[in-house]
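Comments concern the structure below.
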Amino acid sequence: MISFHSIMTLGTKASIGLSLCIGLLITAPTAAQNDIILRGDNKHISKCKILKLEIDKVSYMKGGKEQEILVSRISGFRFGNIPESFTRGQSAENRTDYANAGKLFAECAAAAKDGPIKNSANFFAGRAFSLQAENDSAHANTAVAALETYLAANPNGYYMPEAQVRLAKARLAGGDAAGAEVMLAGMVSTATSGRWPLRWVTHIQQTLGTAQYAQQKYAAARSSFQGVAGSADSAMGQDNRHNVELTAIKTNSLVMQGETFIGEKMLNEALSYFQNLSNSTAKGVKAAAHAGQGQILFLQGASDATKLRQAQVALAKASIEPDTSDSTSAKALFFMGKVLTALGDKEKNALARAKTYFQSVTKYYPKTPWASKASRELDG
């Protein structure tokens, strides 16, 4: 049977998309009790049996003696003799087939006799379903159940910080913004005092802002989003393996601060905010700032051709900036279509060109929030 090695670190490897935190590798067959604990000093502990995975330490058996090592001293660990369903779950996860990955990990958790493997599989199932729920809310309740199962059995477990964050995200995806906000608000101090990796502190602040925004608590959301940039920078300084993920979160938080002004119908403040943001040299931020300006100018100039032309210029700048995120690109295309629709007969072939922009959003950026808006325009 093919054995499966799972490399797991509290800091974790780079994530897939919103972020996968655990790297899983398939290796040659090993003995039933041939786990490996990877130490930061490369003096790895091999031919051992991992007994328990806790947030601060890993317990293991070696040479007939039970021992433990602090998590701060290890860079990860490998399980030997992982069930096939685990390896298949990892393969599905790597393909971003999160729904199938969740089912396979849940299958492994139900059948596994080994405690650490069972608990890890429960967590991986919840994580996979939560990632799927970000695109399909129908999986939110399944994610919540799996993550609650893991946390109930492992309140101080190795994966507890991420499990807590993903549970809140799953509740938010399922429409329970108020419940997610309550959970996240209490997690901020817990994460800080518990010395969670700063990566998860950043996720907490970002998701809290999103939950508040969903409830139209715009001022509170803005305050939460304002704390994300500093937290993300600190997290990248602590562990640079997640820079892509954290940079995307940081950019999104900057954009969402502008969106909170729009939510409050403070369009002048929003425009000023995005204009100031366009001076940033941070990766992807300038494009987002131009897209934000285009959005505001469109909203201000629904019947003002001059404003609409200004919006076109800003949106064109957003589309040619390097390092543009999918969300920013989709937003720029969407509002290009909206501007052309508003211009109507003032612009040659305006409606046909607008349709092309909306189709581009649905075709190339289907996982962004702008795709559903573009679809409504096309159906309109």
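The values are calculated or read from the model by the stated rules, or taken from the named source; none is laboratory data. Every value quoted in this text rests on a predicted model; they were computed, and no experiment measured them. Methodologically, a virtual Cβ is constructed for each residue, glycine included, from the backbone with ideal geometry; neighbour enumeration extends over all protein chains shown.
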Seminar exercise, completed: Within segment 290-341, restricting to residues that are in a helix (DSSP H, G or I) and of a type in the set (Ser, Thr, Tyr), the one that is surrounded by the fewest Cβ atoms within 10 Å (Cβ to Cβ) is 306
Problem set entry | Single match in 109, 143 (criterion: within 20 Å of the chain's Cα centre (by Cα) and buried (at least 19 other Cβ atoms within 10 Å of the Cβ)) | 143
For this session: Taking only segment 223-259 into account, find how many residues are basic (Lys, Arg) and buried (at least 22 other Cβ atoms within 10 Å of the Cβ).
Result: 1
Exercise. Looking at (1) of a type in the set (Lys, Arg); (2) within 13 Å of residue 288 (Cβ to Cβ); (3) part of a loop (DSSP other than H, G, I, E, B), can you tell me which one residue 265 breaks?
Worked result: (2)
Exercise. Applying the selection to segment 22-53, what residues are assigned to a strand (DSSP E or B), modelled with pLDDT of 85 or more and not hydrophobic (A, V, I, L, M, F, W, C)?
Worked result: 35, 39, 46, 47, 49, 52
Exercise. Counting only residues that are within 18 Å of residue 312 (Cα to Cα) and surrounded by 19 or more Cβ atoms within 10 Å (Cβ to Cβ), how many does segment 342-376 have?
Worked result: 8
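Is it the case that residue 76 is small (Gly, Ala, Ser), assigned to a loop (DSSP other than H, G, I, E, B) and touching a residue at least 60 places away in the same chain (Cβ under 8 Å)?
The answer is no for residue 76.
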Exercise. Of everything in segment 73-117 that's basic (Lys, Arg) and out of contact with any Cys (no Cβ under 9 Å at 6 or more places or on another chain), which residue is farthest from residue 57 (Cα to Cα)?
Worked result: 95
For this session: Could you list all residues from segment 112-125 that are of a type in the set (Gly, Ala, Ser), touching a residue at least 60 places away in the same chain (Cβ under 8 Å) and buried (at least 22 other Cβ atoms within 10 Å of the Cβ)?
Result: 120
Exercise. Which condition does residue 171 not pass, out of (1) surrounded by fewer than 24 Cβ atoms within 10 Å (Cβ to Cβ); (2) of a type outside the set (Phe, Trp, Tyr); (3) in a helix (DSSP H, G or I), if it passes all the others?
Worked result: (1)
Exercise. Looking at (1) closer than 24 Å to residue 35 by Cβ; (2) of a type outside the set (D, E, K, R); (3) modelled with pLDDT of 95 or more; (4) surrounded by fewer than 24 Cβ atoms within 10 Å (Cβ to Cβ), which is the one condition that is false for residue 100?
Worked result: (1)
